[in-house]
1. Considering only region 99-128, state which residues are more than 23 Å from Glu172 (Cβ to Cβ) and outside any loop (DSSP other than H, G, I, E, B).
2. Looking at this structure, is Ala211 open to solvent by less than 50 Å² (accessible area, probe 1.4 Å) and either part of a helix (DSSP H, G or I) or of a type in the set (Val, Ile, Thr) (or both)?
3. Taking the criterion of being within 27 Å of Thr36 (Cβ to Cβ), modelled with pLDDT of 95 or more and either of a type in the set (A, V, I, L, M) or not in a helix (DSSP H, G or I) (or both), would at least one residue in region 149-165 satisfy it?
4. Can you name the residue in region 126-136 that is among the charged types (D, E, K, R) and closer than 15 Å to Asn115 by Cβ and is also surrounded by the most Cβ atoms within 10 Å (Cβ to Cβ) among such residues?
5. Which one is surrounded by the most Cβ atoms within 10 Å (Cβ to Cβ) among residues in region 145-173 that are out of contact with any Leu (no Cβ under 6 Å at 6 or more places or on another chain) and hydrophobic (A, V, I, L, M, F, W, C)?
6. Only one of Arg55, Arg47, Arg38 is outside any helix (DSSP H, G or I), among the charged types (D, E, K, R) and modelled with pLDDT of 90 or more. Can you tell me which?
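The values are calculated or read from the model by the stated rules, or taken from the named source; none is laboratory data. Predicted model, so just to flag it, every value in this text is computed and none were measured. Reconstructed Cβ throughout: ideal geometry from the backbone, glycine too, with neighbour counts over all protein chains shown. When the accessible area is computed, the model is the full protein with side chains, heavy atoms only, and any ligands, DNA or RNA have been set aside. Shrake-Rupley method; radii C 1.70, N 1.55, O 1.52, S 1.80 Å.
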Amino acid sequence: MRLKILTLAASVDERCESQNNLGNALQTLGERESGTARLEKAVVAYRAALEEYTRARVPLKWAATQNNFGNALQTLGERESGTARLEEAVVAYRAALEENTRARVPLIWATTQNNFGNALQRLGERESGTARLEEAVVAYRAALEENTRARVPLKWATTQNNLGNALQKLGERESGTARLEEAVVAFRAALEERTQTRVPLQWAATQRALAGALEVLNQCLA
């Protein structure tokens with residue numbers, strides 16, 4: 001009887017792993033295509049995996065799948081009008097962070113915080129207030145506590161770049177120049193690792209972002 005139970009559990013885990021892997025493959029394909037069909041299928045696969053990959057039974061696998069689920073929802077949300085998918089992505093990332101804690105898995109926690117910040121920033125861009133953007137800044141700053149320059153320089157630079165974007169959006173909606181000045185600092189920090197020789201396309205993107213932040217800042221100071 002015990003052997004039968006173990007075999008059944010192994011079978012369930014294998015099915016869940018297959019669904020999660022299927023979701024990953026579909027999401028990768030979907031990111032390279034212009035439509036949303038593959039991404040929709042990825043969402044279905046992750047939902048299927050989460051039916052058995054429960055928090056109570058396999059908390060870290062549940063959290064990893066929630067993070068993947070959030071990534072697919074966020075990419076869908078970026079391609080669709082409205083905010084429903086982005087709202088779902090935020091919920092998925094919040095769930096993942098319940099088990100992907102800093103104490104337990106610090107680098108995974110930082111990655112999830114960065115993803116969480118991205119979803120919040122996309123939502124904030126589509127809303128009139130600043131609450132989501134404020135939350136995004138908090139998430140990015142949290143990620144930077146573990147995604148340090150010494151440990152993961154390119155991830156650190158990416159998070160600095162994301163932080164700069166969120167700060168610039170906030171600065172454009174608020175009076176004063178404090179947020180814009182912080183955005184400039186973040187973009188310049190990112191460029192310390194995002195060099196032209198190492199990652200030319202990312203270097204160019206951050207240079208454009210820095211130029212944009214400086215232009216808005218100069219307009220405010222004029």
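1. Result: Glu99, Pro106, Leu107, Ile108, Trp109, Ala110, Thr111, Thr112, Gln113, Asn115.
2. no
3. The answer is no, given that none of the residues of region 149-165 is within 27 Å of Thr36 (Cβ to Cβ), modelled with pLDDT of 95 or more and either of a type in the set (A, V, I, L, M) or not in a helix (DSSP H, G or I) (or both).
4. Once the filter is applied, the top-ranked residue is Arg132.
5. Leu163
6. Going through Arg55, Arg47, Arg38 in turn, just one is outside any helix (DSSP H, G or I), among the charged types (D, E, K, R) and modelled with pLDDT of 90 or more: Arg55.
For (1) open to solvent by less than 50 Å² (accessible area, probe 1.4 Å); (2) in a helix (DSSP H, G or I); (3) within 20 Å of Gly30 (Cβ to Cβ), each residue gets a yes or a no:
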{"site": "Ala89", "(1), (2), (3)": "yes, yes, yes"}
{"site": "Leu97", "(1), (2), (3)": "yes, yes, no"}
{"site": "Val138", "(1), (2), (3)": "no, yes, no"}
{"site": "Ala143", "(1), (2), (3)": "yes, yes, no"}
